[in-house]
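See structure below.
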Amino acid sequence: MKKIILFLALIFASTLVFAQIQPINNPNIKATITKGQAIANKHNSPDAPASTIVLNFEGLTNNESIDHYYDGGPPAGGTNYGVYFSNDPNNSQALAIVATTSGGTGNFCNNPSGNTIMYFLTGNAAIMNVPAGFTTGFSFYYSTAQPMTINVYDGLEGSGNLLMTANYPAQNNVGCTCNTYCNWTPVGVSFAGTARSVAFVGAANYCGFDDVTFGSATPGNGGTIPTVSQWGLIILGFLFLAIGTIVILRWRGASA
């Protein structure tokens, strides 16, 4: 009996702690951003390298469904990358949300690009579909108040074979000096085979994503990981810097 009481007390305590964590969507704030302003944000976003596809969710307004924004619409205005987010009632609806500092209701800051991220308000998994398929992997930034999981499938809508799964810890408020979701971690996901859908699994309204990137192990506009020749140039640059520093120090020593 004591063990049961202790178990129930632990559940109650964890529930109470979780209830005190602020969600991404702040229900006490009224969004003021207009669709025109959201479109302007898209035009002001930096372009990704030609070999890289980045879904940064700019151009969508507060709590707008992402849906086919990256697949020819609706909603209209996004680049057609052949990527869409599920509207299946059995899955979470992927939504865009704008930071409170930019007229939205998003309780986040320090996100890697723009002022808009992806999240979901109901259910426990937003599904991203790529009908043409993609290989090798992809990358993104995340911020979450609860542990979350990424599942990659070779079928649409989270169907077919599970190609890989990865778990990520909560880290949303590490070193925060602004809103609750201030810490954004870049991660790269690799797998074997051809993927056609990705499930972003987590607690609704407690995890956000930005700069979902194809063609680069580094999310966003940072480009690909340096090649061997590029690393050679980087190392050579550091070598010249070290030699220059030694020469200056010896010259100062001789002058003294």
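Readers should treat all values here as calculations from the given coordinates under stated rules, not as data from a laboratory. Remember, predicted model here, so these are calculated numbers, not experimental data. Glycine also receives a Cβ, built like all others from the backbone with ideal geometry; neighbour counts cover every protein chain displayed.
Within the P(r) computed for segment 45-200, what percentage of the Cα pairs occupies the region above 25 Å?
27 percent
Any idea how far the Cα center of segment 51-73 sits from the one of segment 143-194, in Å?
So the separation of the two Cα centres works out to 18 Å.
Among 181-194, 88-101, how do they line up from the highest to the lowest mean number of other beta-carbon atoms within 10 Å?
Put in order of decreasing packing, that is 88-101, 181-194.
Give me the three principal axis extents of segment 44-134 from the C-alpha atoms, as integers in angstrom, largest value leading.
Each principal axis gives a Cα extent; for segment 44-134 these are 37, 35, 21 Å.
Along the charge dipole of segment 23-225, which of 192, 176, 68 sits closest to the positive end, that is, farthest toward it, with unit charges on the beta carbon of Lys, Arg, Asp and Glu (+1, +1, -1, -1)?
Of the listed residues, the answer is 176.
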